[in-house]
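Read-outs: derived from the displayed coordinates by stated rules, not from any lab. Small disclaimer: the values here were computed from a predicted structure and weren't measured. Here the Cβ is made from the backbone with ideal geometry for all residues, glycine too, and neighbour counts use every protein chain on show.
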Amino acid sequence: MKRKIQMGMIGGGPGSMIGAVHRIAARLDGKIDLACGCFSTDPAKSRLTAAELSLPEDRCYEDYLQMLEAEKGRIDCVAIVTPNHQHFPMAMQALNHGLHVICDKPMTLTVDEARQLRGRVRETGLVFCLTHNYTGYPMVKQARAMVRQGRLGEIRKVVVEYPQGWLASAIESSNKQASWRTDPKRAGVSCCMGDIGSHAENLAEYVTGLKIRELCADLHSFVPGRTLDDDGSVLLRFDNGARGVLMASQISVGEENALRIRVYGTQGALEWCQENPETLQYRRNDQPLTVYRRGWAGTLPEAERFCRIPAGHPEGFLEAFANIYSSFADAAAGHADADFPSVDDGLRGMAFIEAVVKSAADDQTKWLPVAEL
Ligand SMILES: NC(=O)c1ccc[n+]([C@@H]2O[C@H](COP(=O)([O-])OP(=O)(O)OC[C@H]3O[C@@H](n4cnc5c(N)ncnc54)[C@H](O)[C@@H]3O)[C@@H](O)[C@H]2O)c1
């Protein structure tokens, strides 16, 4: 019988946000078993989560290093779902213990850490996956495949926006997720651009296959008392000469999770919205609007492969997240054609965040290169 990938989890304790999503995503395709965890810095809370998950008591740990040591030879990978500042040390330690890593974004706190992590991934040959989960949607994969087929012609313009409204007021004293995201020690040099701007950057590069070469940024912190940005706008120049606009905002009142991308080429254009993820719009000047629907006529093999159920039975955030996990599990099992965000994407994300913050801080020299990687 084929053995499932055995996974440990770090983070994802009671009241946390993304840990439970990772667990559902890991389970969905039956390729991964959650075998152990260190779910919280508070041992009692960690035990509570372990009990809810029916994990044996002796496989719930008070400290993640203790888990990595005790689980040697028993697990194949770890999922890291803690606040940002811990991703780097935890991922390095996991690699040093011979484990594949699936880690949430942003990958590290600095570009320097990201470079070190990439170096270690290359040295060990282990699989590293970063959960830029929006690239897991079938219609995002369809968009990328259509760009690759040349259906847009030469890409000229990319507009990507990610507005949310949940940080429009100072909720950080009472909201755990807001508290660390607005704290430079735990979030890094940016709140909004690091947290969601990095998803937008990754989506733009994934769909277009282009790289952001230079950028010019404006960041602002609207809510009094915040030292990190809660809103930002960035002009982009891509490596083929295309121009772009990236907006990320967490003070856009009334917005939920409205990630949207539009890509315009010489022959056609595409539009995809995360809140309506089963639909991809394709526009041309000389023909009526074409609307592609996941799993329906016109779905390309690159997208079809990531569909689970027939068209009209909505798939969403959890399934897209599970597509990333499924590809990660395939890679960990030795399959070469897995499609998931890598340590290189993580490094690009960190270079993007760093360039955005630097550009925004300087009112004179605005256009800055995104560090050569
Ligand atoms: N991909 C996405 O769509 C997405 C969405 C939300 C969050 N995230 C990312 O996921 C990460 C976690 O975010 P969140 O909103 O779930 O945070 P959270 O504050 O809700 O949860 C963090 C959890 O980690 C635990 N933890 C912290 N330090 C620990 C340690 N040393 N050992 C064990 N557990 C520890 C906490 O107790 C808590 O349970 C962040 O990096 C964030 O950027 C990604």
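Taking the criterion of being closer than 17 Å to Thr135 by Cβ and small (Gly, Ala, Ser), would at least one residue in the stretch 218-235 satisfy it? Spell out how you get there, then give the answer.
The first filter runs over the stretch 218-235 and keeps only residues closer than 17 Å to Thr135 by Cβ, leaving none.
There is no residue in the stretch 218-235 that is closer than 17 Å to Thr135 by Cβ and small (Gly, Ala, Ser).
The set of residues in the stretch 297-317 being exposed (fewer than 14 other Cβ atoms within 10 Å of the Cβ) and within 16 Å of Asn276 (Cα to Cα) consists of Gly312, His313, Pro314, Gly316.
Filtering the stretch 8-40 to residues that are under 18 Å from Lys72 (Cβ atoms) and within 15 Å of the ligand (Cβ to nearest atom) leaves Gly8, Met9, Ile10, Leu34, Cys36, Gly37, Cys38. Here the stretch 101-114 is the region considered, the condition is being crowded, with 23+ Cβ neighbours inside 10 Å and out of contact with any His (no Cβ under 8 Å at 6 or more places or on another chain), and the residue that is nearest to Lys31 (Cα to Cα) is Val101.
From the set of residues in the stretch 121-148 that are within 16 Å of the ligand (Cβ to nearest atom) and hydroxyl-bearing (Ser, Thr, Tyr), which is farthest from Arg262 (Cα to Cα)? Step by step, filter the stretch 121-148, then rank; the result is Thr131. Selection of the stretch 73-98 for residues being more than 24 Å from Val189 (Cα to Cα) and either assigned to a strand (DSSP E or B) or out of contact with any Gly (no Cβ under 8 Å at 6 or more places or on another chain) (or both) yields Gly73, Arg74, Asp76, Cys77, Val78, Ala94, Leu95, Asn96, His97, Gly98.
When Ser46 is tested against (1) farther than 23 Å from Glu319 by Cβ; (2) among the small types (Gly, Ala, Ser); (3) surrounded by fewer than 20 Cβ atoms within 10 Å (Cβ to Cβ), exactly one condition is not met: (3). Scanning the stretch 91-120 for residues that are within 18 Å of the chain's Cα centre (by Cα), within 12 Å of the ligand (Cβ to nearest atom) and over 19 Å from Ala351 (Cα atoms) yields a single hit, Ile102.
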